[in-house]
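The structure appears below as structure tokens.
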Amino acid sequence: MDKDRVEGKVKDVAGRVERQVGEWTGDAEKQAHGAAKQVEGKVQNAWGKVKDAAESTTTENRDPNASDNADEAEDRKLRSERKAG
């Protein structure tokens, strides 16, 4: 999980709490600040999700046998060099 998702969720929750406290106390400035923090958190969380999806796609498209194939090719090369030498 990307750190932006975690940090975004924390900001979202903190903003929600601040907005709610502003509503209970009648503090419009606190409400507005909390709502803005909530939006910031939601955007950051969404950005983290995009990065996670990109990482997942990259990982899925990676050839899991690529390093094995390279190792096998190296082994064949070493064996043929030994036979020739």
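Read the figures in this text as sums done on the coordinates, not as results from a lab. The shown structure was predicted, so the numbers you read here are calculated from the model rather than taken from an experiment. Cβ sites come from the backbone with ideal geometry, for glycine too, and all protein chains shown count toward neighbours.
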### Message
Let me check against my output: what whole-number percent is the relative contact order of the chain, with C-alpha pairs under 8 Å and at least 6 apart?
### Response
32 percent
### Query
What does the charge dipole of the chain about its Cα centre add up to, to the nearest 20 debye, if the Cβ of each Lys and Arg holds +1 and the Cβ of each Asp and Glu holds -1?
40 debye
### Query
How far apart, in nm, are the 7 Å Cα→Cβ label points at GLU60 and GLU81?
4.0 nm
#### Entry: In degrees, nearest ten, helix 3-25 long axis to first principal axis of the chain (Cα)
10 degrees
